[in-house]
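Here the structure comes first, spelled out in structure tokens, and everything after it is commentary.
The values are calculated or read from the model by the stated rules, or taken from the named source; none is laboratory data. Treat the numbers as computed from the prediction; the structure is a model and nothing was measured. Cβ placement follows ideal geometry from the backbone for every residue including glycine, while neighbour counts extend to all protein chains displayed.
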Amino acid sequence: MPCEGIDATKVVNVFRSKAATMAGGLIHSHAPSRTQVPASTILKMKFLDSPEQPSGFQRISRLAAVFAVVVQQGAFVSSPVLTKFVSDIGSSDSQASNILNTLAVFLNIVCIAPLCLLQYRQVIRTVNGNRVAIALMVLMFLSTTWSIHPDVTFRRDVTYFSTVLTAFYLATRFDVDEIMKIVSYGIAISVVFSFLFVAAFPTDAIHQPSPWPVEGINDIAGSWMGVFAHKNVLGHVMSVGVLAELYILTATKLRSFWQAVWHILVLCGCVALIALARSGTAMVLTAIYFLGTIAFLLLRRAHQYFGVGLAMLVVVATTVGLIFWAYPTSVLGLLGSDPTLTGRTQLWDIVLRLIWERPLLGWGYSAMWLPKDDLTLAISDAVGWTVPEAHNALLEVTLGLGIVGLAAVVTFIAVSIWRAIRCLLTGRYTLGVYSLVFFLAINLSGITESTLAQNQNIEWVVFNVLSICCGLEISRRRVSDKSESNYSPIFDMIGAHPS
């Protein structure tokens, strides 16, 4: 005879819960499948949503992240508007002599490091899953021992540490949607103040005619640089803003109409500044991000047409490539450049000769291109314009870290692209498509700009963040699949299905 006062349903539910715990699983009580939540995700959810974390702390962590994004853009601190008010401390490295930049990087580390320590277990797991990125950073610090300017290399190694630290913090602390919003807020600050700087200080926020009497070099006169030191930096940062806004508008759920209006305005501001900067590479990147967004929408809303859309994109890309091959002067003229890529081809010949002098380990990370260095001045005299970098990502890496560093960067890029493809193949379309588009675009922009393995570079921060996020998603899927394969038949026997 059944006992009175006992709810049979509660007894069955308790029994099922105990059985699931004994089987070693944490079960979604409302999930329609047998997929289990891995321990890393549980810990991250606990850190993000625990009632023990006050809302004030969450706001502080997001503000710290936004501040780090602004610092990693190199915004404000290198602008002629502010550098005029900064006294020189006597270093041959203009970046190191900028007290504002040194202070910004220091505050970046001070703000982010304690937040990483609060979730050190997750950070350690993330580091273990991204050893190539860590090995690259270690190589940079080791290059201090053979650098031609060891003090400069060490300072820039510390700055690169802040870049990697920011990337690991963002990827570990926030999900991809929140990361894109943080990037959006950080770049929106640069958008607003770029317009303000041009309005208030047009002489310092817009490129003036160059002192170099070389044909074609004065073409940048009149180009906007806003809160940055150069028009190309403005263009590249704004192109990342375009990607972030497109992601937010197409792949996230906005809470209100006015929030959508805000992100549309920021997107328009980014596109406008890219046009005003007249950065050909940034224009190409923007076009790629819009095409990638179209591909994502096709994949999400009309799976049957994704193959057709992808084929059309391939045809368009091939056509553009053929036109460029047949009429390079006309195409480059439309982008505001010339067949020599504004003197870059002559510079690359010199860089290649320097690489062959130290092919294995290079000259030291970021040890070249010091404004007062005799070698830099000689190269600038030879090409007819002030050279701040190699203007090619792979050449810049090889120049500083040799073939060893080049191999590390190429390996990291290959791993990142493979992770994005894996996410795409496993159904994580949003993360997979946007990551793959960004990885390919940044490598394309690396043909004319040093975008890879650079300190205080927002493109490299986002590159690392998306690579880490793709890796974490693959790990989560692997754990879930393994949990399903170890699903105990006892659930079938007792009827305790996770549903």
Task: Condition met for Ser190 (over 20 Å from Glu396 (Cα atoms) and small (Gly, Ala, Ser)) - done: yes
Task: Filter pass, Val110 being at negative phi, out of contact with any Pro (no Cβ under 6 Å at 6 or more places or on another chain), surrounded by 15 or more Cβ atoms within 10 Å (Cβ to Cβ) and modelled with pLDDT of 50 or more - done: no
Open item on the list: If I filter segment 136-148 for residues that are in a helix (DSSP H, G or I), within 24 Å of Ala64 (Cβ to Cβ) and in contact with a Phe, Trp or Tyr (Cβ under 7 Å, 6 or more places away or on another chain), do I get at least one hit?
Closed with: yes
- [ ] Could you look through segment 136-177, keep only residues that are among the polar types (S, T, N, Q) and buried (at least 22 other Cβ atoms within 10 Å of the Cβ), and pick out the one that is nearest to Cys470 (Cα to Cα)?
- [x] Thr172
Open item on the list: When the residues of segment 245-261 are narrowed to those that are among the polar types (S, T, N, Q) and either at pLDDT 90 or above or over 23 Å from the mean Cα position of the chain (by Cα) (or both), which ends up nearest to Leu297 (Cα to Cα)?
Closed with: Thr250
Task: Only listed residue being farther than 18 Å from Ser147 by Cβ and either over 21 Å from the mean Cα position of the chain (by Cα) or in a helix (DSSP H, G or I) (or both), chosen from Val387, Val397 - done: Val387
TODO: Could you list, in sequence order, all residues of segment 433-454 that are free of Cβ contacts under 8 Å to residues at least 40 places away in the same chain and among the small types (Gly, Ala, Ser)?
DONE: Ser435
Task: Flag if Thr102 is part of a helix (DSSP H, G or I), within 17 Å of the chain's Cα centre (by Cα) and modelled with pLDDT under 90 - done: no
Task: Search result, residues across segment 222-247 that are in contact (Cβ under 8 Å) with a residue 60 or more places away in the chain, over 22 Å from Asn443 (Cα atoms) and surrounded by fewer than 24 Cβ atoms within 10 Å (Cβ to Cβ) - done: Ala229
Task: Members of segment 450-473 found to be of a type in the set (Phe, Trp, Tyr) and either buried (at least 24 other Cβ atoms within 10 Å of the Cβ) or more than 8 Å from the chain's Cα centre (by Cα) (or both), listed by number - done: Phe463
TODO: Only one of these is of a type in the set (A, V, I, L, M, F, W, C) and either surrounded by 22 or more Cβ atoms within 10 Å (Cβ to Cβ) or closer than 26 Å to Tyr434 by Cα (or both): Phe195, Phe257. Name it.
DONE: Phe257
Open item on the list: Here is a list: Thr172, Thr159, Thr203. Which entry is without any contact (Cβ under 8 Å) to a residue 40 or more places away in the chain and in a helix (DSSP H, G or I)?
Closed with: Thr203
- [ ] Select from segment 400-432 the residues that are in contact (Cβ under 8 Å) with a residue 40 or more places away in the chain, among the β-branched types (Val, Ile, Thr) and assigned to a helix (DSSP H, G or I) and write down the one among them that is nearest to Thr376 (Cα to Cα).
- [x] Ile403
Task: Answer residue from segment 348-363, given it is in contact with a Leu (Cβ under 8 Å, 6 or more places away or on another chain) and not aliphatic (A, V, I, L, M) and is surrounded by the most Cβ atoms within 10 Å (Cβ to Cβ) among those - done: Gly362
